[in-house]
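Below is one structure, written out as structure tokens, with a few remarks after it.
The values are calculated or read from the model by the stated rules, or taken from the named source; none is laboratory data. Given the structure is predicted, the values throughout are model-derived calculations rather than measurements. Cβ sites come from the backbone with ideal geometry, for glycine too, and all protein chains shown count toward neighbours. Side chains are part of the model used for accessible areas, which takes the heavy atoms of the whole protein and leaves out ligands, DNA and RNA. Shrake-Rupley method; radii C 1.70, N 1.55, O 1.52, S 1.80 Å.
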Amino acid sequence: MKIAFIYIAEPYQCYHAASVASALSVIPGCDVTEYYSFPETVQHLARIRKAMHAPAPPLRPLYRSWKTRLLKTAKRLDQERLRVLRENIGELNQYDVVVATEYTAGILKEMGLTRPRLVLLMHGAGDRYVNDDHLVRDFDLALLPGPKVEAYFLQNGIIRPGHYNVVGYPKFDVFEAIRHEEQPLFPNGKPFALYNPHYQRNLTSYSACMRTVLQGFRDQTLYNLVVAPHIKIFHKGFGVKAHLLERQASQDILVDTGSPAMLDMTYTSQAALYIGDVSSQVYEFLAEPRPCIFLNPGKLKWRDDPYFLHWTLGDVVEDPADIMPAVAQAQARHALYRPLQEKLFRETFGTPLLGASQRAAQAISDFMKKQVPEQRHAA
């Protein structure tokens, strides 16, 4: 059985799929090949395999025409991703299975993918509304992180029995291996808060709150600060936005606009306090329950909205002037939220927490074994 894993976006995908590709490659009869679009992916895959002492399947670049490369240069990355998929249909049609971590890959069948079974290995397990989650219906098998996502997808008719498995969150397996590389981030030994704004334009707190957060932490002595926005915030502007933000770094403020630590749970595992808006990373942070603050400068009507379920796990601040008072009170108020944090974490990722990579690999293998008799019967 020939299996292709495709990494069609930034290297964050590696931390969700690489461990599954390695686990699948050692199952008898499974021949795995990985394909990448972003050159940086190669280094991230190598780092993960080294930390996990895991086999590295053959790795190939996805074909990208000059038109596609031009789109990347122009930072039209959504358009580029679609062109990459279209330009590699012939290559991918040689496989029995194609595994992707992006909903976008659901469009492959419309583009002419006919032979392989299409498998979705989800990245992230947040609550934010995603306008292309309907594409999950086009996958033959969806591998889900936990019962929360399963219930949502079933309720909305996005998945059907026999074509999905709840396997957990393979990124935790990767983190368990990589965490041994951790080094102290600040020499002064103080705990740090993590500010992790999302990129979604109508939901992010980046523009409205970044200046207040930076100045507020300069004016206090309790915490250091790590500023690690979603990597897609820096897609546009040809590096100017990243450069301007990096200039705000100091001895007590670490600004990260693109290092592996943004992707591998380094910050979410070590932070004493989470400040954000709608990023799914808050659930990774809650592997150990700790205080959270959510920023809502747009004054969105979020209560009783399932797409903002995580905002029930900490104080929600609408006025930027109230951010630092909320920071000062966060530890004292955490007891109000801890029981619900623990409950939603279990519902998001299920149990056991580790071993999801092997469960996902076995789910793909078992699913494909069932397809052979069905194909023979159909013939």
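In the range 228-251, which residue that is in contact with a helix residue (DSSP H, G or I) (Cβ under 7 Å, 6 or more places away or on another chain) and either in contact (Cβ under 8 Å) with a residue 60 or more places away in the chain or outside any loop (DSSP other than H, G, I, E, B) (or both) is farthest from residue 187 (Cα to Cα)?
Within the range 228-251, the subset in contact with a helix residue (DSSP H, G or I) (Cβ under 7 Å, 6 or more places away or on another chain) is 228-229, 231, 233-235, 241-242, 248.
From what's left, either in contact (Cβ under 8 Å) with a residue 60 or more places away in the chain or outside any loop (DSSP other than H, G, I, E, B) (or both): 231, 233-235, 241-242.
Numbers: 231: 26, 233: 29, 234: 28, 235: 31, 241: 27, 242: 24 Å.
Filtering first and then ranking leaves 235.
In the range 252-268, of all residues being more than 15 Å from the chain's Cα centre (by Cα) and not in a loop (DSSP other than H, G, I, E, B), the one that is farthest from residue 12 (Cα to Cα) corresponds to 253.
Taken together, the residues in the range 20-48 that are open to solvent by less than 30 Å² (accessible area, probe 1.4 Å) and within 30 Å of residue 71 (Cβ to Cβ) amount to 12. Taken together, the residues in the range 193-208 that are out of contact with any Ser or Thr (no Cβ under 6 Å at 6 or more places or on another chain) and either open to solvent by 40 Å² or more (accessible area, probe 1.4 Å) or in a loop (DSSP other than H, G, I, E, B) (or both) amount to 9.
The rows are residues; the columns are (1) open to solvent by less than 20 Å² (accessible area, probe 1.4 Å); (2) among the hydrophobic types (A, V, I, L, M, F, W, C).
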| site | (1), (2) |
| --- | --- |
| 50 | no, no |
| 57 | yes, no |
| 64 | no, no |
| 74 | no, yes |
| 81 | no, no |
| 87 | no, no |
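What's the total number of residues in the range 135-159 that are part of a loop (DSSP other than H, G, I, E, B) and under 23 Å from residue 173 (Cα atoms)? Lay out the reasoning, then the answer.
Looking only at the range 135-159, we keep the residues that are part of a loop (DSSP other than H, G, I, E, B), and these are 139-140, 145-146, 156-159.
Among the residues that remain, those that are also under 23 Å from residue 173 (Cα atoms) are: 145-146.
Summing the residues that are part of a loop (DSSP other than H, G, I, E, B) and under 23 Å from residue 173 (Cα atoms) in the range 135-159 gives 2.
Residues checked against (1) at pLDDT 95 or above; (2) more than 26 Å from residue 169 (Cβ to Cβ); (3) touching a Phe, Trp or Tyr at 6+ places or on another chain (Cβ under 9 Å):
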| site | (1), (2), (3) |
| --- | --- |
| 316 | yes, no, yes |
| 334 | yes, no, no |
| 364 | yes, no, no |
| 372 | no, yes, no |
| 376 | no, yes, no |
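Among the residues of the range 179-199, not one is under 14 Å from residue 233 (Cβ atoms) and modelled with pLDDT under 90. Going through the range 1-55 one residue at a time, which ones are of a type in the set (Ser, Thr, Tyr) and touching a Leu at 6+ places or on another chain (Cβ under 6 Å)? If the condition is that a residue be of a type in the set (Ser, Thr, Tyr) and touching a Leu at 6+ places or on another chain (Cβ under 6 Å), then 12, 15, 35, 37 are the ones that fit. Among the conditions (1) under 21 Å from residue 173 (Cα atoms); (2) in contact (Cβ under 8 Å) with a residue 60 or more places away in the chain, the only one that residue 54 does not satisfy is (2). Only one of 171, 190 is touching a Phe, Trp or Tyr at 6+ places or on another chain (Cβ under 7 Å) and exposed (fewer than 15 other Cβ atoms within 10 Å of the Cβ); which? Answer to the check: 190. Please work out if residue 366 is among the charged types (D, E, K, R) and within 30 Å of residue 28 (Cβ to Cβ). Criteria met by residue 366.
Each residue in the range 232-257 was checked for being within 27 Å of residue 291 (Cβ to Cβ) and out of contact with any Ser or Thr (no Cβ under 8 Å at 6 or more places or on another chain), and 11 pass.
Looking only at the range 209-227, count how many residues are surrounded by fewer than 17 Cβ atoms within 10 Å (Cβ to Cβ) and part of a helix (DSSP H, G or I). Break it down into steps so the answer makes sense when it comes.
Keep residues of the range 209-227 that are surrounded by fewer than 17 Cβ atoms within 10 Å (Cβ to Cβ), which gives 211, 215, 218-222.
If we keep only those that are part of a helix (DSSP H, G or I) as well, we get 211, 215, 218.
Going through the range 209-227 one residue at a time, the tally reaches 3.
Within the option set 148, 190, being among the charged types (D, E, K, R) and under 17 Å from the mean Cα position of the chain (by Cα) holds for one residue only, 148.
Whether any residue in the range 135-151 is small (Gly, Ala, Ser), open to solvent by 10 Å² or more (accessible area, probe 1.4 Å), touching a residue at least 60 places away in the same chain (Cβ under 8 Å) and more than 24 Å from residue 66 (Cα to Cα) is what I want to check. Break it down stepwise before answering.
Here is the first cut: in the range 135-151, the ones small (Gly, Ala, Ser) are 142, 146, 151.
Of the ones still in play, those that are also open to solvent by 10 Å² or more (accessible area, probe 1.4 Å) are 151.
Subsequent filtering for residues that are touching a residue at least 60 places away in the same chain (Cβ under 8 Å) retains none.
There is no residue in the range 135-151 that is small (Gly, Ala, Ser), open to solvent by 10 Å² or more (accessible area, probe 1.4 Å), touching a residue at least 60 places away in the same chain (Cβ under 8 Å) and more than 24 Å from residue 66 (Cα to Cα).
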